[in-house]
Amino acid sequence: MSRKILTYVKHGLLTATMSRVTIVEGVVETARGTRRTPADKYDERRTQLAISALATLGELGYAKTSLREIAQNSEFSHGVVHYYFADKFELITHCVRYYKAQCVTRYDSLVAESTTADELLARFGDKLVETLTTEAPMHRLWYDLRAQALFDEQFRPDVLMIDATLQDMIGRVVTRYAELAGRSLAVDVATTYALLDGVFEKALLGHLTGDSRTSDDLRARVSLVLPKLLA
């Protein structure tokens, strides 16, 4: 396994628990007594390839990454990668679906455990900073693909689907925040998501360019924006 992939595993970015298989550092383990079909094995290998590809895609972006480049930065040959994925588009969309499936519930524990609006607001800001600093390459890839969807129709169904799940994720946070504050949202969830997404994307650019104030600025902006979204 390449050093890049191990780095992502170390930070917990490439560890996923699925209904049939757990992948940790590229090792596939099935539940005791579970019989794997050829289709299961095929899907497992596709996910392993996606995990390997995420590190390269997050570093280089869509335009600069080819199947050969992905193979060179993983333990898999170009022939193996091409066998499981017809082209770069198929591999990239599988990667992003996989990654976003792991992150869309990251704030649910905050929603369930916070007992006051102030607590939820503080924990939400801290969690945003955490994901900004530990998962920046993956967020960069997401914004890259979303921009590509403006020009390439084949990306649009997946981008719209992923964007909708992210909106729902943020919707659960702000709806609970309003409930704990004993107030209602002044704007709809779609508008709230767009505002917070813009705040986060600006912070991501600051982080990637080495601005040391980025984390504090992100917390401050979230603390300023959310209360203003309440009626």
Discussion item. Around Glu113, under 10 Å between beta carbons, what's the net of Lys plus Arg minus Asp minus Glu among the other residues?
Written reply: -1
Worksheet item: If each of Leu205 and Glu69 carries a label point 7 Å out from its Cα toward its Cβ, how far apart are those two points in nm?
Response: 2.2
Fill in: Gyration tensor (alpha-carbon) shape descriptor, the range 120-231, a/c threshold 1.5
oblate
Worksheet item: So how do 129-138, 39-48 stack up, highest first, on mean other-Cβ count within 10 Å?
Response: 129-138, 39-48
Discussion item. Please compute the modelled spin-label separation between Thr116 and Glu59, points set 7 Å along Cα→Cβ, answer in nm with one decimal.
Written reply: 4.5
Worksheet item: With point charges of +1 on the Cβ of Lys and Arg and -1 on the Cβ of Asp and Glu, referenced to the Cα centre of the range 109-148, which listed residue (Ser114, Ala147, Thr134) lies farthest in the positive direction of the dipole?
Response: Ala147
Discussion item. Tell me the net charge near Val159. Cut-off is 12 Å between Cβ atoms, Val159 excluded, with +1 for each Lys or Arg and -1 for each Asp or Glu.
Written reply: -1
Worksheet item: On full extension of the chain, what length is gained from Arg106 through Val225, given 0.36 nm per residue of separation minus the C-alpha to C-alpha distance?
Response: 40.8 nm
Item to complete: For the range 148-210 and the range 91-138, compute the distance between their C-alpha centroids and round to whole Å.
Response: 11
Worksheet entry | Heavy-atom accessible area ranking, 1.4 Å probe, most first, across His207, His139, His82 | His82, His207, His139
Worksheet item: Setting aside same-chain residues fewer than 8 positions from Lys202, which aspartates and glutamates have a Cα under 19 Å from its Cα?
Response: Glu59, Asp126, Glu130, Glu135, Asp144, Asp163, Asp211, Asp216, Asp217
Worksheet item: Size of the dipole of the range 92-198 about the Cα centre, Lys and Arg at +1 and Asp and Glu at -1 on the beta carbon, nothing else charged, in debye to 20?
Response: 60
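The values are calculated or read from the model by the stated rules, or taken from the named source; none is laboratory data. Computed from a prediction, not measured in an experiment: that's the story for all the values here. Virtual Cβ from ideal backbone geometry, glycine too; neighbours counted across all protein chains shown. For accessibility, only protein heavy atoms count, side chains too; no ligands or nucleic acids. Shrake-Rupley method; radii C 1.70, N 1.55, O 1.52, S 1.80 Å.
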